[in-house]
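Each remark here refers to the structure printed beneath this line.
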Amino acid sequence: MAESQNLLLQQIKEQGDLVRKLKAAKESNERIQEEVSKLLGLKAQLNTEDAAPQKFTLKTPKGTRDYNSQQMSIRNNVLQKITTIFKKHGAECIDTPVFELKEVLTGKYGEDSKLIYDLKDQGGEILSLRYDLTVPLARYLAMNKITTLKRYHIAKVYRRDNPAMTRGRYREFYQCDFDIAGQYDPMIPDAECLKVVTEILDVLDIGKYILKVNHRRLLDGMFEACGVPADKFRSTCSTIDKLDKLPWTEVRTEMINEKGVTPEAADKIGEYVQLNGSSELAVKLLSDEKLSKSKSAVEGLEGIKLLLHYCELMGIKDKIIFDLSLARGLDYYTGVIYEAVLTHPIKIGNEDQTVGSIAGGGRYDNLVGMFDSKNKQVPCVGVSVGVERIFSVLEAKLAAGDIIVRTTDIDVYVASAQKNFLDERMKICAELWNAGIKTEQSYKKNPKMLNQLQHCEENGIPFAVVLGESELKRGVVKIRNITSREEAEVPREKLVKELETRIANFGLKEMNGS
């Protein structure tokens, strides 16, 4: 044992000498990294040799979680409803890699760039986990020379953030994105994105909500009119974006102390960001002494007026509010921005739970051009639904007993009241499966009747086909309604047709309902 350890130490020394020589000779980084990896591998062998078995804690990484069958039923139901609405609006589904070249993501998220997960180089490329689904979409459009696309994408993204698990804030989480790319007339696709959000929140029915809208050009014009230097627009915008979490006094202090905005400029901004209303507010601000002199502010206000007009035509005006405090700190937004928030805490059991933003998005006309060699622009607008917060609300309702969830979709359980009916049960199961009916049975040859019925009740299976010797001799089987406990005899040859009718007419209140 000592001899092998001495040999390993000698190999480590020789490999270390080689790495130092390569560095002194200024060899390529790739060659040096390759030899460094070998050195680390040898050192790892030294550390593990003769080591006793180590105890470790079984846990998920910080900011991640496992999902049990009930939680997955809730998630699948929510995602299915969202997907149905995306498809109703003509969106196509795409997917992109879970990691991208780091240079693709760098510089697209402003101050949030520090939250990107970088990966250790394993194959000659510097990679990072995707932070959202928008930048990968822009890369996809530019790489494939696509100029028009209406797409949806539901997938996991990663952020090295401080997690708040109970409020649906994780380091690994799902985003549900809907985007429209292409050169179109102003605000028509933007208004449809808002319509999509309202349809999703209406069908999920988790509480009353409002959609806040603002315009990035208006924000830039506001900063300009208030005396903020152009090079501080984006950082100031990131601070304004915190108004949904912090009071104005704290936001003002950060703008002055950390972002270099003068107290006078901050106070002027404070007068505007506390305003909200409808199209009448946009009309009023167009005659504002300071804003009316800014070309970008006027452009933003005219855009908001048009957007609100289209929202009225789509029947969602009462769900939209023009709010000058809405900023959305991501650097790539260029036009309209919006965010959906619940207006009241959610009542879960005996407690009120505050949720916060549950959807957001906006227009990003310059992002695709960043990836195109000729800077060819493809205007885009989109929305992302914050499903993790929706999941958290529904899971809390489940824990409080406010909702019931089925974890399987089984409609029929084939049971036997006596022994030695396994062969007949298997024949009926096969017949029902072949007919497309969701069916299961006990895996025991002679299960107890009580256990079979309890399984149906515990798993929300609505019907049981009960086999008995006297019934089979007469060519019939019994169908039992598990909830009402009513039983009816059905001719054996009409079993499939009868079950199909009963299942089609059966109403079940459940999160993954039929």
Residues of the stretch 379-394 being open to solvent by 10 Å² or more (accessible area, probe 1.4 Å) and either over 23 Å from residue 163 (Cβ atoms) or touching a His at 6+ places or on another chain (Cβ under 8 Å) (or both), which ones?
379
With the requirement that a residue be touching a Lys or Arg at 6+ places or on another chain (Cβ under 7 Å) and of a type in the set (A, V, I, L, M, F, W, C), what does the stretch 413-448 give you?
414, 422
Note down all Cβ pairs under 6 Å where the first residue falls in the stretch 111-125 and is closer than 27 Å to residue 328 by Cα, the second is of a type in the set (Asp, Glu), and they're at least six residues apart or on different chains.
115/161
Pairs with Cβ under 9 Å, 6+ apart, first in the stretch 2-16 and at pLDDT below 80, second among the acidic types (Asp, Glu) and not in a helix (DSSP H, G or I):
4/49; 5/49; 5/50
Single unsatisfied condition, residue 69 versus (1) loosely packed, with under 14 Cβ neighbours inside 10 Å; (2) more than 25 Å from residue 33 (Cβ to Cβ); (3) at pLDDT 95 or above; (4) not aromatic (Phe, Trp, Tyr):
(3)
Residue pairs qualifying under the 8 Å Cβ cut-off, at least six apart or on distinct chains, with the first in the stretch 449-475 being at positive phi and the second being assigned to a helix (DSSP H, G or I) and open to solvent by 10 Å² or more (accessible area, probe 1.4 Å), are 475/492; 475/493
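Here's the yes/no breakdown for (1) of a type in the set (S, T, N, Q); (2) at pLDDT below 95; (3) open to solvent by 40 Å² or more (accessible area, probe 1.4 Å); (4) farther than 29 Å from residue 75 by Cα:
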residue	(1), (2), (3), (4)
403	no, yes, no, no
415	no, no, no, yes
419	no, yes, yes, yes
431	no, no, yes, yes
437	no, no, no, no
442	yes, no, no, no
464	no, no, no, no
470	yes, yes, yes, yes
502	no, yes, yes, no
Residue 460 vs. criteria small (Gly, Ala, Ser), in contact with a Phe, Trp or Tyr (Cβ under 9 Å, 6 or more places away or on another chain) and modelled with pLDDT of 85 or more
no
Output the number of residues of the stretch 268-285 satisfying the condition of being over 21 Å from residue 185 (Cβ atoms), open to solvent by less than 70 Å² (accessible area, probe 1.4 Å) and either of a type in the set (Gly, Ala, Ser) or assigned to a helix (DSSP H, G or I) (or both).
8
Is it true that some residue in the stretch 227-240 is assigned to a helix (DSSP H, G or I), open to solvent by less than 30 Å² (accessible area, probe 1.4 Å), over 19 Å from residue 115 (Cβ atoms) and at pLDDT 90 or above?
no
With criteria (1) surrounded by 21 or more Cβ atoms within 10 Å (Cβ to Cβ); (2) farther than 17 Å from residue 274 by Cβ; (3) in contact with a helix residue (DSSP H, G or I) (Cβ under 6 Å, 6 or more places away or on another chain), residue 256 comes up short on (1)
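Please pick out the residue among 397, 376 that is modelled with pLDDT of 85 or more, of a type outside the set (Ser, Thr, Tyr) and surrounded by fewer than 22 Cβ atoms within 10 Å (Cβ to Cβ).
Working: 397 fails: modelled with pLDDT of 85 or more.
Among 397, 376, only 376 is modelled with pLDDT of 85 or more, of a type outside the set (Ser, Thr, Tyr) and surrounded by fewer than 22 Cβ atoms within 10 Å (Cβ to Cβ).
Determine whether the stretch 202-219 contains at least one residue that is free of Cβ contacts under 8 Å to residues at least 24 places away in the same chain and under 23 Å from residue 307 (Cα atoms). Quick ask: steps written out before the conclusion?
Taking the stretch 202-219 first, the residues free of Cβ contacts under 8 Å to residues at least 24 places away in the same chain are 202, 205.
Going one step further and asking which of them are under 23 Å from residue 307 (Cα atoms), we end up with 202.
Scanning the stretch 202-219 turns up at least one residue that is free of Cβ contacts under 8 Å to residues at least 24 places away in the same chain and under 23 Å from residue 307 (Cα atoms).
Pick from the stretch 88-140 the residues that are basic (Lys, Arg) and more than 21 Å from the chain's Cα centre (by Cα): which of them is farthest from residue 179 (Cα to Cα)?
Of all residues in the stretch 88-140, those basic (Lys, Arg) come to 88, 102, 108, 114, 120, 130, 139.
Next, from what is left, pick out any that are more than 21 Å from the chain's Cα centre (by Cα): 102, 120.
On the way: 102: 23, 120: 31 Å.
Residue satisfying both the conditions and the ranking: 120.
Tell me, which strands (runs of 3 or more DSSP E) wholly within the stretch 297-357 include 3 or more residues that are surrounded by fewer than 21 Cβ atoms within 10 Å (Cβ to Cβ)?
Values: elements: 320-323, 336-342, 346-348, 351-353.
Because the criterion is at least 3 residues that are surrounded by fewer than 21 Cβ atoms within 10 Å (Cβ to Cβ), the strands (runs of 3 or more DSSP E) in the stretch 297-357 that meet it are 346-348, 351-353.
The values are calculated or read from the model by the stated rules, or taken from the named source; none is laboratory data. All of these numbers come straight from a predicted model, not from anything done at the bench. When we count neighbours, we look across all protein chains shown, and the Cβ atoms used for this are built from the backbone with ideal geometry, even at glycine. Please note that ligands, DNA and RNA were not included when accessible areas were found on the heavy atoms of the full protein model with its side chains. Shrake-Rupley method; radii C 1.70, N 1.55, O 1.52, S 1.80 Å.
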